[in-house]
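Below: the structure, in structure tokens.
Coordinate-derived values only; no laboratory data. No experiment lies behind these values; they were computed from the predicted model shown. Here the Cβ is made from the backbone with ideal geometry for all residues, glycine too, and neighbour counts use every protein chain on show.
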Amino acid sequence: MPPIRTAIIEDDAPFAKMFQDYFNRRGSGIECVAVYPDGAAALEEIPANPPEVALVDINMPGMTGIEFITRIRVVCPSLICVVLTTFDDDSSVFDALKAGACGYLLKRSSPDEIVSAIEQAVAGGAPMSPHIARQVVGFFHARETQETRDRSGKLSERERQVIELLATGLLYKEIAEKLDLTFETVRSYVKRIYEKLHAHSRTEAVNMYQRQKR
């Protein structure tokens, strides 16, 4: 199998040279075909002979790595961009992913880890340093929790009374007696609660409702 043709866009020359030498060692599986000191130089030259993968730093003089990814993806949509940076803040991570990066690695990753990440990216994966992966998972978990809260906030006062009693384990008939409602009315309330919470069972609805109260 031919080596994976890779370019490095990095303004730290010693760092770039270290990885260029490492990649070009026999047996690494990676061939470093070019090193660019900034995004502007890479954007000018890469379209004429694109590599398979670009390792992109974020904080570079002039054009940032995120801007480079955004612009190069327009002219080279098949280029696989993997961020390699020291920045691990949420803004940098999600801006890079939104720009089109398929992976996000921290510079403290070992050379072997970066080689493995490039191979994963070419195979269709989305390699991330463990710390970054946890941030991404945490973000989506927080968003799901917020969406649940937003949906739960749409419950009417009577629906809240019904689900509070559902949470105690009461049957529909018992809830109807406590709230002076008919059995069918309670069932209608429960159906609307399920729809609003996108729940499919009593347990799921109660759990969603209770999570948003925490």
Sparse-neighbourhood loop sites, trypsin sites (Lys or Arg not before Pro) in the stretch 83-117 - DSSP loop, at most 10 other Cβ within 10 angstrom: ARG108
Debye intensity ratio I(q)/I(0), log10, the chain, q values 0.09, 0.15 Å⁻¹ (C-alpha model): -0.53, -0.84
Phi to ³J(HN,Hα) by Karplus 6.51 cos²θ - 1.76 cosθ + 1.60 over the stretch 204-209, Hz, x for Gly, Pro: 5, 5, 5, 4, 4, 5
The chain: relative contact order in percent, alpha carbon pairs under 8 Å with at least 6 residues between: 14 percent
Modelled FRET efficiency - R0 22 Å, CYS76 with GLN120, Cβ distances, 0.05 increments: 0.65
Per-selection Kirkwood Rh - the stretch 1-83 (Cα, Å, 1 d.p.): 12.6 Å
Interchain or long-range residues, amide H under 5 Å from VAL83's placed H: VAL56, CYS102, GLY103, TYR104, LEU105
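Report the full-extension gain for the segment PHE15 to THR168: residue separation times 0.36 nm, less the Cα-Cα distance, to one decimal in nm. Mind showing how you got there, number by number?
Values: separation 153, 0.36 × 153 = 55.08 nm, distance 6.11 nm.
Using 0.36 nm per residue and subtracting the Cα-Cα distance, I get 49.0 nm.
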Per-pair calculated FRET efficiency, R0 = 41 Å: ARG108 and ARG211 via Cβ, rounded to 0.05: 0.70
